[in-house]
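The values are calculated or read from the model by the stated rules, or taken from the named source; none is laboratory data. Every value quoted in this text rests on a predicted model; they were computed, and no experiment measured them. Here Cβ is always computed from backbone atoms with ideal geometry, including for glycine, and neighbour counts include all displayed protein chains. What goes into the accessible areas is simple: the full protein's heavy atoms, side chains included, and nothing from ligands, DNA or RNA. Shrake-Rupley method; radii C 1.70, N 1.55, O 1.52, S 1.80 Å.
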Amino acid sequence: DDPETYEDTSRFVQNLAAEHGVTLTVWPLVEARQPSAKDNEALAKWFKMNTGKIAHHYWVAFERAFQEYGLESAIFVEEDLIFAPDFLALFRSTHWLFDADPSLWCVSGWNDYSFDHSSGDSCRLLRTSFFSGLGFMLRKQAWDHVRSSWPYAPTMGWDYAMRVQLRDAGKECIIPEVSRSHHFSNTGSSIRSAKQVRLMDAMTLAKTPTACGSSGPCHQFGNISYLVSESYDGWMREAIRESKRVDKPSVVHENIEAEAGTVYALGFVHEERISVLDHSIYPGKLNGAIPNDLRSEHYGLVAMRYRQRSWLLLMDLRSPRMWSVESRKPHPKLITVGANRGQNCRNACSDVGMICDNGQMYFVNNCTNLRKHFACEAGCAHQIGPDLPAYVPEDSMDTYQQCLVTYTTGSMNCASYHKNTARLCACIPG
């Protein structure tokens, strides 16, 4: 998108292509976004930031690939990634799943929890409802859906916009247990600290050579029919039934060291998420290097190896999949109420003769519920804050007219409010 460097970049790409005997097409980003009448000062500023520019880059790339060229699927990578020898074999081996299972939208080479202690089987693939990006194959059907509901300004980044859309549509991606892509750069728009660099360095990259030729069928990962939704859920539920329960994250290390080969299961709620990540997943005090989402999860269930000796299943007890007998259900008389601007949920629920419950807020934290009460003219997106989920009616905000959900907020609070938003509240009988 920089006219001064486009010619040099294009020339380098074409020379490299000629050296390897391949054809490459360079797409200039000529569709630089023009100011809109709906842009306020905050929006105009955001579109000039790295987050805004990158979101526009991806929008143009998706539009070119699927709308202009009509590709049925395409692989997207970034310049600061390196790849495993069987990176392309991953996509060739899994592409047939798009036709076999309409609940799948993408395949990614990246697993956020691919560490030495949590991954070991280079042939194992997983399903996830968390969009990871970073070297991924997307199907046209997915973009056809996403483009119609893409937030006007995805202020938390294009990848969070994809995560919201993936969850809102009830779709998933395939990822490897051991990553096939690796982030090598020490600087960038999202790499800003030494702690983040240490986290990226701690992630593993598969070294498995490809067993596939340059053409013809590719079965790099063997029989992967277990990834079809019904089979996968059955496998997970059986593992949970046969597992040994762990009561709290702090005892995970002790128990698994004592009984190698056992499947362990730990139930938790969102408020305990950071402690779970700290004790069970991230190595060496690296928790918090990136946002504390529950990543690589299958509707609230993370299946990971532990020190390559056992399986550990982390279960969000509020998951709509109800993984365990300990799972928590929404209150049978729970209703959603759209609060007035600047009103907290305690008062909004009181106005209808009910009370707000902090724990019930997690059940209503989705775009579907927000759209029942608010117009969401600028789409549904992700943000951070205890006053979410909410709608933004304030025309000076960069999230103006967006509905906002949250995946990273520590705890939702009925008493919280923001003067510029209208909250969505979870109300139950008092």
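Global size of the chain: 22.4, 73 Å for Rg and Dmax (C-alpha atoms, Rg to one decimal, Dmax whole).
The heavy atoms of PHE87 present about 10 square angstrom of accessible area, all protein chains included, probe 1.4 Å. Note on the chain: with a GNM built from Cα contacts shorter than 10 Å, the maximum mean-square fluctuation among THR408, THR208, THR128 falls on THR208. A 1.4 Å probe run over the chain, with the rest of the protein chains in place, finds 46 Å² accessible per residue. Counting only protein chain heavy atoms and rolling a 1.4 Å probe, the accessible areas of GLU242, GLU172 rank, largest first, as GLU242, GLU172.
Using alpha carbon centroids, what distance separates region 141-160 and region 171-230, in Å? Comparing the Cα centres of region 141-160 and region 171-230, I get a distance of 23 Å.
P(r) for region 261-411, from all Cα pairs and a bin width of 5 Å, is 2, 9, 15, 19, 17, 14, 11, 7, 4, 2, 1, 0 %, short bins first.
If you plug the beta carbon distance of GLU271 and ARG309 into 1/(1 + (r/R0)^6) with R0 = 22 Å, you get a FRET efficiency near 0.15.
The calculated FRET efficiency for SER327 paired with ASP278, based on their beta-carbon distance and R0 = 25 Å, is about 0.60.
Placing unit charges on the Cβ atoms only, positive for Lys and Arg and negative for Asp and Glu, gives region 143-210 a dipole magnitude near 200 debye about its Cα centre. Scalar couplings 3J(HN,Hα) for region 391-402, obtained by applying the Karplus form with A = 6.51, B = -1.76, C = 1.60 to θ = phi - 60°, are 10, 10, x, 7, 7, 9, 8, 6, 9, 3, 6, 8 Hz; x denotes Gly and Pro.
For region 271-334, trypsin sites (Lys or Arg not before Pro) are listed when DSSP marks them as loop and at most 11 other Cβ atoms sit within 10 Å of their Cβ; the list is LYS285, LYS333. Sequence-distant contacts, meaning Cα pairs under 8 Å at least 6 residues apart, place the relative contact order of region 152-306 at 17 percent. Dipole check for the chain: with +1 at the C-beta of Lys and Arg, -1 at the C-beta of Asp and Glu, and the Cα centre as origin, the magnitude is about 1040 Debye. Relative to one another, the C-alpha centroids of region 352-411 and region 64-89 are positioned 33 Å apart.
In this structure, the amide hydrogen of VAL263, modeled 1.01 Å from its nitrogen in the peptide plane, lies closer than 5 angstrom to those of LYS244, TRP311, counting only residues at least 5 positions away or on a different chain. Here, P(r) means the percent of Cα pairs in each 5 Å bin from 0 to the largest distance; for region 70-224 it is 2, 9, 18, 22, 21, 16, 10, 4, 1. Between ALA100 and GLU68, the simple label model (points 7 Å from Cα in the Cβ direction) yields a spacing of 3.5 nm. A Stokes-Einstein calculation at 4 °C with viscosity 1.567 mPa s, built on the Kirkwood radius of region 311-393 over Cα pairs, returns a diffusion coefficient of 89 µm²/s. Taking 1.002 mPa s as the viscosity and 20 °C as the temperature, the Stokes-Einstein diffusion coefficient of region 35-122 based on its alpha-carbon Kirkwood radius rounds to 130 µm²/s.
Using Cα-Cα distances under 8 Å and only pairs 6 or more residues apart, what relative contact order does the chain have, in percent? Contact order relative to length: 16 percent. Of THR262, THR94, the residue with the largest accessible area leads and the full order is THR262, THR94 (1.4 Å probe).
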